[in-house]
Structure formats: structure tokens, C-alpha cells
Amino acid sequence: MFPVGPASCDDLLEDLNDEQRLAVTQEDGPLLVLAGAGTGKTQTLTTRFAWLVREGVAPERIVLVTFTRRAAREMLARAKTLLGPGFQGELRGGTFHSLGYALIRAHAGALGLSVRFGVLDAADAADLLDLLREERGLAEGERRFPRKEALASMYSRWVNAQRPLSEVLVESYPAHEHYLEPLADLFRAYGERKRELGRVDLDDLLLYWRALARHEVIGPRLGAMFEHVLVDEYQDLNALQVEIVRLLRRDQRGLTVVGDDAQAIYGFRAASPEHILRFGDDFPDATLVTLTRNYRSTQPILDLANEVWAGAARSYPKELCAERDGGVAPQLVYNLDQAQQATEVCQRVLALHEEGVPLREQAVLMRAGWHSNELELELARRNVPFVKYGGIGYLEAAHIKDLICALRIADNPQDQLSWFRLVRLIPGVGSVTARRALDALQLDTLSENGALADRWWRNVEPLLKPPSAQACAPLIRALNLGSARVPVTELVTRVKEAITPLIKAHYADGLTRLRDLDVLTNAAARASTLDAFLAELALDPPSSSADYARDPQLDDDYLILSTVHSAKGLEWDAVHILSASDGLFPSDMALSSPEGLEEERRLFYVALTRARRTLTIHVPVRYYHQPTSRSDQHGYGKPSRFLTEQAEALCERHTVSFDRGSELVTASTTAEVVTVDLNGLWR
DNA sequence: CTATTAGATGTTTTT
DNA sequence: CATCTAATAG
């Protein structure tokens, strides 16, 4: 049944164990590799890639599909390394969304899209929904209509789940169930408007891709582009993505998927571990290979992970077994509150650093981005360099969006959505004038061609008071350069300079915002074309504060702060888990359904299994319900429900003495007191 | 119609 | 504590 690998002396296969070798050298049929955490999943997949090439498959006839950008980057880099320096070409691969983008771009005509279609990122999509909501008078109801972010997530979930809207509402948004009709209308209008504007959102990248794959002529042609499709993190696929994979492999040959149902953490995007568990139903000829030998962590860490996983409602036994010797028990630290937790984490990070574990071999993981707020302050205070992944909204900042919209107009003056935003930046212009301007632009769409920013501006200008209009003249001149053949660097610089005074005037804290603009313009200037840069921004936004801002001090050594979601697939010598208390991790937002709780458990499991040697779990005993409010309302939080008695028994427990906490007159404590006093005085 | 301000409100995770 | 909304002053 399993053809055994050809040459055991092959250096490619030398470093692999028997299970891995079996997976790598599998012949043509559909192959499912169930790979537990730390069992060499990525290595197996990339080695399989190299093995296929050695077997005579052309590299460009293999495509590597992943779910996250970080994973895509890493996998392609490793595959390229395995092919050796002799290989010069580009490998085919990327995230579902980026591959979708490329295919849609290539077949824009068949889909009825302009080649210049632009991609709406999540915030753009929400803005457009908001615009439509306002237009349709849904904002003024007796009961609250969902706000834009909620609308965007409902829409996305509906599309990705591929199920009737009514069901999605009942299951995931019961509070808004009674809005079924208006929501359906709104979403329909949203689809139409996107089409009119020539824009696609992130979900469309999958929808259009599927449409192409379903097409009777184009579909088979897409499938024939590749002899092998390799899919990573299969447990995180949703129904739409699974269908795309199936359509690409209509003959059921040349498909390899890897994943781990214990690490499925994207339920909120309508992903479901059911797809990987039912892989055999979708692909009846599938071969299953299971990887169980863990090369990452020491046994005490795996013992805890196994214990947590054993508590899962539908647990398939999955005992991870360490190949690595020795190890110490995970540390479980009870802190008084989150402030003390921050202090404690800092101290432990620095202590490990003293012992020779570099900062970049340590990571602090948390359920939600804001959980690290206090820690970030503490780290900054102690001059500990760090980079935070996930949970940052650099691109969402209003002024950044302003600049991006200006660049989009420079690239494509017909971009009405961007005009709508940019015009409102002009003093004396609000949403009403902006909408009129938009109408004027729409009327003009068909009359002439040669769409220069200039010509569009002529429609807007008469609606403004003369001084306001004049203030924009430099900006319009800069935008016009977009259609001239000006190098990207110059264009971007000119646009930035022209928009600077507008931004400074429009925001109360204008001056501080200006600094952020440079970061973006520098990045844009490095891009080959403006077009490419803008598409990349939607598909591949900077995921950390360090992506664009190369702070020189960061080049040496820095601590990683990351959400668990962003930490997937990565590993560190030392891992510190933050705020493992009920309500935070598991998040109380997820506790309304049993599936939600199960996903939180998997998330916790993922966090635990990132650690190689040292694992520390922090529990703040007391936490504030509204971390943001000044009120002293707090609950005595229970430790995370995943830390059962049996689990705790596998850890070494510490209680940070409360006395010590109050004796420590840290700067943060002092600052707090002073703040409270001042607030009293201001009243 | 826009700008300003007081008041309410609601907080994950990613492409 | 932002950030969004509704109410009001200009």
C-alpha cells in the first residue's frame, strides 16, 4: 500500500524519520499528513517539494498553498534552500488570498472585472458597508443596527461558511437575528456596489477564484497548471477553500495536505477542523500518514500539552512524545494582578537573558493584542527592546488611510471610494458635500476618457468654498503626476508633501501623526510600481511594528510579543504565556458556545506547544473587568479552566508574594497614584 | 452644512 | 480609553 522511498542514501531523506520519509516519498494519490505540533510538519512538506522536483517534476508545476503570510514566506524560503543555489526561478506559492489575486488578475476579463481592479482591505470593506448602511437609512432605527465592523464580520462569515444567512445569524449573531431582511438587502447592495466601483474585497478573492475553478473551460485549465498542489495548515480551511482545492484536483491526483486538528484556531473565519477529519470522504483514495515524534519540546512541556488536549470534548488521542531529553516542569506563576504580572514577566525574561537565552529566543504570547498593554509599558520603561506581532492597527489609523487613498487616486483617478475619503479631508467639507462631489464624478464617468485627476477635480472644485479649494491645489498637482511617467519614489514623496498640511490641519494631534507617514512613503518608494505596492498593502499588510520601521536598535536582539494566532507555526526556547485566567484566556467572548470553548482550548494548546525548553504560564489572580476604566471594579478571576488540577500538578507553582508586590515602588505604581490625584484636581 | 462637544458604548483572533 | 454617535452651536 505504501510505496517505500527510493533511495535511503539520498541526502534529502537522511534527516527524516520513517514516518516523515513515508510522507515525503508518497506517489501520486491524495495524501493527508496528520502532524502533531513540533513533529516536523514544515520540513516534511518542503522536503516533499524538493523530492518531487528530484523525481522530475518542474518546480513551477508545483504550488505551495498556505493560510497565513508568515507561513507562506517561511515555507517558500525553505523550499528554495532545499533546491540549492543552482535554482534561479521563482517558486509558485503563497496564501490562498494572494494566489487568488494573481489568478483573478490573469482572468479579469472573463470575470467581468477591469484589469485595474483594486483590493479592499478589511477596513475598506467596513467603510463601504457603512456608506451603504447610511444611504439606505438603516442607521436610524428604534433598535441598534449593527455597526460597520460587525457588518463586515457577519458578511465575511456568511460568505466563507457557504451557508444561508439565516443560519449564520442564528448560530453566530443571535442578537441581530431579527435584522435578517435588511441585512440580506445590504449585503446584496454591497456586492453590486463593489462591482460598480471595480473593487473586490478579500472574500471576493476566494469567491472569484472558485468561480474560475468551476468554469467549464477555465477550471480544468487552472487545474492543469499544476501537477502537484501542496496545502499547509489544512485544518484552518473553510468550506470555500476546500471547494477550491477539490476543483483544482478534479482527478484527485497530485494533492498533499498537512495539518493538525488539535491546532484549528480559525473558526471565526468559518474554518472547521471537520474538513481535515473528513478528508477521506472528500478524497476516497487518500493515504494517511501520521507524524507523532516531537522534536521541539521537552517531555514535561508535552505532558502538560497532552493533559490539556485530553480534556477536549471530542478528543482524538494524540500523545506527543519528546525526542529531546530532559527538561524542567512548566512554571505556573500566580500574580496579584496584571501590573504585577508585567513586572514578573519582565524579571523572568531578563533572568533568562542573563542565563544566556537571547531575547529573540523568547516570546510572550497572549490571547488578544491588548493583553500586553501593561507589559509593553513596563518593557519600555526598562529599555527592553521588543517587537509585537498581531493586533496592531497601523494601516487602520485614519491618517494612514488618508495617504493610502491619495496614492490610490494617483494610481487610478477613477477610484471613487478614495476620492470620497480624500475630499472630506478638505476644511469645510463633510459627508454631504463629499457625497455631492461623488455624484458629480459618477455623472462624468461616461462622458470622456483619459481620466486625469485634474479632470475629476474639476467636478469637485465648484462645490467648495474658494479658499478650501485653493488649499488642495498642490495635492491635485501631485496626484496628476500619477498618469505622468514619474518614478514611484518621486511621486510618493510629492503626494506625501502635498497632503501633509491637510492632515496637520484636520487632526487635533496632527503633528504627531505626520511622523507615521514617512514610514509608509519609505516603503512605497522601495516598490517597483505603485500598483504593485497598493495591492500588496491589502494582501500583505505590515504585520508588526518592525516591518516598516527598521529601528536600528532592534537589529540586535529583541523580545517577541505575539498573539497566539500570529505565533502559529513558530517556536522559541522560552515561552511566557500571559493572563491565563478565565475570561481572558479562554476569552469570555468565545464562551457562549461549546465550539467556541473547544477552539479556545486548541488555542491554549497551540500556545503551550510553541516552547522548546522553558514554559511559564502567568495567572493574574485579580483582574479588572474594564481594564480601561479607572474604576476599581475587579473580579477575582479563576485561573484558566484549562489549568485543571491534573494540569497544575504537572507544573511547578509559584505565588508572587502580595507583600512583595506592594513593597515594590515601581514607576508604574507611582504613575498610577499621581494620575489619580491629578484627575481629582481637574474636576 | 460643518465643526465641536458631550455622552454612550463596547471591546478577539486574520486574509 | 478611544471611538463612534447624537445633539447643538456656529
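Taken together, the values in this text are just the output of simple stated rules run on the coordinates, not laboratory data. Small disclaimer: the values here were computed from a predicted structure and weren't measured. When we count neighbours, we look across all protein chains shown, and the Cβ atoms used for this are built from the backbone with ideal geometry, even at glycine.
Can you list the lysines whose alpha carbon sits under 17 Å from that of A:Lys504, skipping same-chain ones fewer than 8 residues off?
Within the straight-line cut-off, A:Lys504 pairs with A:Lys401, A:Lys496.
Is any residue of segment A:565-591 close enough, with backbone N under 14 Å, to a label point placed 7 angstrom from the Cα of A:Arg324 along the Cα-Cβ axis, and if so, which?
A:570-576
Figure the gain on full extension for A:Val115 and A:Arg54 (residue separation times 0.36 nm, minus the Cα-Cα span) and round it to one decimal in nm.
Going from the current span to full extension adds 18.2 nm.
Nearest 0.05, what FRET efficiency do A:Asp588 and A:Arg485 give at R0 = 45 Å with Cβ-Cβ as r?
Taking R0 as 45 Å, the efficiency between A:Asp588 and A:Arg485 is 0.20.
Going by average Cβ neighbours within 10 Å, how do the peptides A:586-594, A:642-650 rank, with the highest at the top?
Averaged packing, sorted descending, gives the order A:642-650, A:586-594.
Between Rg and the Kirkwood Rh of segment A:569-611, both from Cα atoms, what is the Rg to Rh ratio?
The Rg/Rh ratio comes out at 1.03.
Enter the Cα centre distance for the pair segment A:122-138 and segment A:571-606, rounded to the nearest angstrom.
A separation of 32 Å, based on Cα centres.
With bins 5 Å wide starting at 0, give me the P(r) of segment A:278-424 over every alpha carbon pair, in whole percents.
Here the calculated profile for segment A:278-424 is 2, 7, 10, 11, 11, 11, 11, 9, 8, 9, 8, 3, 0.
Distance between Cα centroids, segment A:269-333 to segment A:183-200: provide it in whole Å.
Value for the Cα centre distance between the two parts: 42 Å.
Using 0.36 nm times the number of residues separating A:Glu497 and A:Arg105, minus their current alpha carbon distance, what extension gain do you get?
137.9 nm
Label-point separation (nm) for A:Arg193 and A:Asp439, each offset 7 Å from Cα along Cα-to-Cβ?
1.6 nm
Counting Lys and Arg as +1 and Asp and Glu as -1, what is the net charge of the other residues whose Cβ lies under 11 Å from the Cβ of A:Arg324?
So the environment of A:Arg324 carries a net charge of +2.
Lysines within cross-link reach of A:Lys318: Cα-Cα under 18 Å, excluding same-chain residues under 8 positions apart?
Counting by Cα, and skipping residues close in sequence, A:Lys318 has these lysines nearby: A:Lys41.
So for segment A:1-107, considering every pair of alpha-carbon atoms, how many percent are separated by more than 18 Å?
Above the 18 Å cut-off, segment A:1-107 has 51 percent of its Cα pairs.
Between beta-carbons, use under 13 Å as the cut-off and find the net charge around A:His353, counting Lys and Arg +1, Asp and Glu -1.
-3
Roughly speaking, what is the centre-to-centre gap between segment A:334-393 and segment A:481-504 when only Cα atoms are used, to the nearest Å?
39 Å
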